[in-house]
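Below is one structure, written out as structure tokens, with a few remarks after it.
The values are calculated or read from the model by the stated rules, or taken from the named source; none is laboratory data. Here the structure is a predicted model, which means the values were calculated and not measured. Every residue, glycine as well, gets a Cβ built from its backbone with ideal geometry; the counts of neighbours run over all protein chains shown. Ligands, DNA and RNA are excluded from the accessible area calculation, which covers all protein heavy atoms including side chains. Shrake-Rupley method; radii C 1.70, N 1.55, O 1.52, S 1.80 Å.
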Amino acid sequence: MIRIGIVGAGAIAAVHIDGFLQFGAMCEVAAVCDTYVEKAQSLITEKNLNAKAYADIQTMLTEGALDAISICLPPNLHASVAIQALAGKKHVIVEKPMASSLEECDHMIAAAKENNRLLCVVSQNRWKTQLANVKRIMDEGLLGKVVHASFDSLWWRGGVYYDLWWRGTWEQEAGGVFTSHSVHYLDLMQMLFGMPKRVQAFIGNVNHTNSECEDIGFAVFTYEDKVINFTSSLVSHGEKQAIVINGEKASVTIPFSVSAYNSLPNGFPEPNKELEQQIHRRYEELGNLALEGHPAQLLNFLLAIEGKEALALDGNTGRQTIELIHAVYKSAVQQRPVDLPLEPSDPFYTKEGLVQSMPRFHTKGRSVENFSTSKISLGRDFNA
């Protein structure tokens, strides 16, 4: 039985607990830790857990007889708590974004290796049927060579979203919409296509006056053989998430649809219905994933601890997403294309360098310790 400790008792902690509870034969949530210990106890009561509430992480690590911890804290605390837990010989799964800097990511990866423990970064959207099936279709060559893709990471949050004390500051959150929301789609971009060679980006803040950071941005990622454009927004009513993949033979979108053309003698398009039907059939043949989202990734984490599966998303993969975010910020600030990878000598490798380099779009004037409700939404699942 794998004993799990939850660090942080906010909204996302409940999602993790619900996921772990699906695998009661493999694990138990034995501890919940939060600076506000009453929040930890309230979550234990709400979820009917046989667990102990802690106010101090080290006490939980020492007394809890835990095998693994799940970190559900503000981003600026991810690295320090992960390193502390790994040093205590606990496996770690940490919410995205992995950390506030590439330097912190590297320290976390080193701690996992030194202590022979797993370090997993949450990216639950990798475990979604539409994404998995489209990747399979792409990998099987039905689209031909991919030449262009676009990602619309479109979200909406009210102005009070940034009243929470740690949000909307470069020091605490280490970014705006690219860090806190588009981290999902940037991870999917590198899952589908790997890492780009170059990025050119723009960021701004158009409608969130209690945030230092960006609420909108655009990036163009250049690969050897393709170009990807990326839109990141926190001002988009409807949150119409979308991915479009354009191949030489056909294009597919998520939410799933397919289009294919042949060329007429004058170069204009003629629908290729036969190929469209073939791709549709293949999509249907692939069927649905047995498990999706957080539960699917948590199961992979548990099976990896037991040595029954390889860890699907480790610290090195999580680090790549942070590198994409910080390359976007560097390009936007310096108003020029930026090549990847970012080297340790780069100012954007460290949190201090990022904080010193980034503009303050607004001055954060309102700050609350907690909201009266912890209800959150997890996006629109590609509008499926």
Does the range 265-275 contain any residue that is open to solvent by less than 50 Å² (accessible area, probe 1.4 Å) and either closer than 30 Å to Gly158 by Cα or in a helix (DSSP H, G or I) (or both)? yes
Pick from the range 109-143 the residues that are of a type in the set (A, V, I, L, M), under 17 Å from the mean Cα position of the chain (by Cα) and crowded, with 22+ Cβ neighbours inside 10 Å: which of them is farthest from Gln277 (Cα to Cα)? Leu119
Which residue pairs have Cβ atoms closer than 9 Å, lie 6 or more positions apart in sequence or on different chains, and pair a first residue in the range 11-25 that is under 14 Å from Lys96 (Cβ atoms) with a second residue that is assigned to a loop (DSSP other than H, G, I, E, B) and open to solvent by less than 20 Å² (accessible area, probe 1.4 Å)? Ile12/Cys72; Ile12/Glu95; Ile12/Val122; Val15/Cys72; His16/Cys72; His16/Glu95; His16/Val122
What are the residues in the range 38-80 that are among the charged types (D, E, K, R) and closer than 23 Å to Val121 by Cβ, if any? Asp67
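Can we say Leu61 is within 17 Å of Glu28 (Cα to Cα) and either open to solvent by 30 Å² or more (accessible area, probe 1.4 Å) or touching a residue at least 12 places away in the same chain (Cβ under 8 Å) (or both)?
yes
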If we only count helices (runs of 4 or more DSSP H) wholly inside the range 1-77, which ones have 3 or more residues that are under 26 Å from the mean Cα position of the chain (by Cα) and among the β-branched types (Val, Ile, Thr)? 11-21
Could you check the range 144-156 and list, in sequence order, the residues that are part of a loop (DSSP other than H, G, I, E, B) and crowded, with 20+ Cβ neighbours inside 10 Å? Trp155
Any residue at all in the range 98-106 that is touching a Gly at 6+ places or on another chain (Cβ under 6 Å) and surrounded by fewer than 22 Cβ atoms within 10 Å (Cβ to Cβ)? no
Of Thr363, Thr350, Thr321, the only residue that is open to solvent by 10 Å² or more (accessible area, probe 1.4 Å) and closer than 30 Å to Phe301 by Cβ is Thr350
Which one of the conditions (1) in contact with a Gly (Cβ under 9 Å, 6 or more places away or on another chain); (2) assigned to a helix (DSSP H, G or I) does Leu186 fail to meet, given that it meets all the rest? (1)
Residues (small (Gly, Ala, Ser) and in contact (Cβ under 8 Å) with a residue 12 or more places away in the chain) located in the range 130-173: Ala132, Gly144, Ala149, Ser150, Ser153, Gly159, Gly168
